[in-house]
Amino acid sequence: MKKIPYKTVWVEYPDIEATMKNAGIAHTSIEDDGSLLFTCPAIIDPEPGDTGGIVGQSDGNDPPVAMADSFPIAEYLDKKHPIPEIFPHGTLALQRSFILFWAKELFNSKELSHLIMALAHNQLPPRSQEFFRRTREVWLGMKLEAVLPPGAQREKEIEGVREAFNKFDKLLANTRSHAKDAQLVMEGQTIYADIVIASWLMWIRCVAAEELWWNHFAKWNDGRWETFVSAMLEKYGQVDA
Ligand SMILES: N[C@@H](CCC(=O)N[C@@H](CS)C(=O)NCC(=O)O)C(=O)O
């Protein structure tokens, strides 16, 4: 989106902690048992610069910036590369609050998180699959297969997710016609909250078996979620590797 040159390094789940520690990147949260959780995404900016954030004009004296956690990373990049801005002036707290609300109502809801966990495992490479199963089954207290088996119970939970989407469709009624412009939260501009929501929707689209995305999510609310994700992908979906 900002046309910042970068190189992606893909890290498998079991390697995240060691990779972050080696790069001097701090944990992002502390688990219930007191252990530190290291997470992706993370960035290393070898050229943080002190010249008003103009790339390529660092005096070379600043140490690289190495950090994890999406929100602070986005804030950092938006300050350093302000065009196009994803935190328009005065919207930082509003965006933070909106994202938390969306996550609480939808993505951390039992129904959707169960659905995603039950399906994500199948898409991972073998070493990550083993890690994902081991850690998530401890979190959930049950086998992944038992979380949301296909059938009547899964259909009922999908209906619960649909109700949550209906609620956001109403809350975001004024931007309905802007989905095709990659705007969901704010009319006229794609902002950080849009990126977060598009990323979550993309996650569902990637892990959901075909029939689940195309027969459910993609059809809901006149297709605005699919229209929005497609527009975001088309405009900003390129990855370097
Ligand atoms: N607060 C972090 C959370 C990111 C997160 O949960 N990342 C997952 C991958 S999607 C992770 O790295 N998990 C590591 C693990 O489960 O050990 C952020 O917003 O960046």
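In this structure, is ALA208 among the small types (Gly, Ala, Ser) and in contact (Cβ under 8 Å) with a residue 40 or more places away in the chain? Criteria met by ALA208. Scoring PHE87 on the criteria (1) of a type in the set (A, V, I, L, M, F, W, C); (2) within 16 Å of the ligand (Cβ to nearest atom); (3) farther than 25 Å from MET202 by Cβ; (4) not in a helix (DSSP H, G or I) leaves a single failure, condition (3).
Yes/no matrix, rows are residues, columns are (1) among the charged types (D, E, K, R); (2) exposed (fewer than 15 other Cβ atoms within 10 Å of the Cβ); (3) at pLDDT below 95:
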position: LYS143; (1), (2), (3): yes, yes, yes
position: ASN215; (1), (2), (3): no, yes, yes
position: VAL229; (1), (2), (3): no, no, no
position: GLY237; (1), (2), (3): no, yes, yes
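For first residues located in the stretch 9-20 and within 13 Å of ALA42 (Cα to Cα), partners that are of a type in the set (A, V, I, L, M) and within 9 Å of the ligand (Cβ to nearest atom) and lie 6+ apart or on another chain with Cβ distances below 6 Å form the pairs THR19/VAL11.
Considering the conditions (1) over 25 Å from ILE195 (Cα atoms); (2) small (Gly, Ala, Ser); (3) within 13 Å of the ligand (Cβ to nearest atom); (4) touching a residue at least 12 places away in the same chain (Cβ under 8 Å), ALA42 is excluded by exactly one of them, (1).
Is it the case that the stretch 125-136 has a residue that's in contact (Cβ under 8 Å) with a residue 24 or more places away in the chain and within 23 Å of ALA74 (Cα to Cα)? The answer is no, given that none of the residues of the stretch 125-136 is in contact (Cβ under 8 Å) with a residue 24 or more places away in the chain and within 23 Å of ALA74 (Cα to Cα). Scanning the stretch 169-192 for residues that are surrounded by fewer than 19 Cβ atoms within 10 Å (Cβ to Cβ) and either aromatic (Phe, Trp, Tyr) or not in a helix (DSSP H, G or I) (or both) returns GLU187, GLY188, GLN189. When residues in the stretch 17-39 are screened for being among the β-branched types (Val, Ile, Thr) and more than 17 Å from the chain's Cα centre (by Cα), 3 of them pass.
Count of the stretch 60-84 residues, restricted to those that are free of Cβ contacts under 8 Å to residues at least 60 places away in the same chain, surrounded by 16 or more Cβ atoms within 10 Å (Cβ to Cβ) and among the charged types (D, E, K, R), is 3. Here LEU112, LEU106, LEU92 are screened, and the one residue that is touching a residue at least 12 places away in the same chain (Cβ under 8 Å), farther than 26 Å from ALA23 by Cβ, away from the ligand (no atom under 14 Å from the Cβ) and loosely packed, with under 15 Cβ neighbours inside 10 Å is LEU92. When GLU157, GLU211 are checked against the criterion of being farther than 27 Å from GLU75 by Cα, part of a helix (DSSP H, G or I) and out of contact with any Lys or Arg (no Cβ under 9 Å at 6 or more places or on another chain), GLU211 stands alone in meeting it. Across the stretch 1-16, the number of residues qualifying as within 17 Å of ALA68 (Cβ to Cβ) and within 18 Å of the chain's Cα centre (by Cα) comes to 7.
The values are calculated or read from the model by the stated rules, or taken from the named source; none is laboratory data. Because the structure is predicted, anything quoted here is derived from the model rather than measured. No Cβ is skipped: glycine too gets one built from the backbone with ideal geometry, and neighbour counts run over all protein chains shown.
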